[in-house]
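Undergrad: Quick one: the structure is below, and I'll ask about it shortly.
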Amino acid sequence: MWTVLVILLVVWLVLAIVGFALEGLLWLGVIGIVLVVGTVIFGILRQRAARAKR
């Protein structure tokens, strides 16, 4: 599970960097940042749910 989240975070960060590096793709940078934040929140919620089951 954590491997998938880390891979997604890396992909989203690369998209954000490319988006901010190229002015015409600024929207890609914004989407990348939103996806990074969403993935981190998803990971935190999944971890808390797994701990609550124990």
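Undergrad: Rolling a 1.4 angstrom probe over the protein heavy atoms, how many square angstrom per residue are accessible across the chain?
TA: Counting only protein heavy atoms, the per-residue value for the chain is 79 Å².
Undergrad: Could you tell me the largest-minus-smallest coordinate of the C-alpha atoms of the chain on each of the three principal axes, in descending order and whole angstroms?
TA: The Cα atoms of the chain stretch 48, 16, 8 Å along the principal axes, largest first.
Undergrad: For helix 26-53, report the angle its Cα long axis makes with the longest principal axis of the Cα atoms of the chain; keep it between 0 and 90° and round to the nearest 10°.
TA: 0
Undergrad: Rounded to the nearest 10 degrees, what's the angle between the helix 2-21 long axis and the longest principal axis of the chain, both from Cα atoms, 0 to 90?
TA: The helix 2-21 is inclined about 20 degrees to the chain.
Undergrad: Express the carbon and sulfur contribution to the solvent-accessible surface of the chain as a percent, rounded to the nearest whole number, probe 1.4 angstrom.
TA: Answer for the chain: carbon and sulfur cover 76 percent of the accessible area.
The values are calculated or read from the model by the stated rules, or taken from the named source; none is laboratory data. Fair warning: this is a prediction, and the values are worked out from it, not measured in the lab. Note: areas computed on protein heavy atoms with side chains; ligands, DNA, RNA excluded. Shrake-Rupley method; radii C 1.70, N 1.55, O 1.52, S 1.80 Å.
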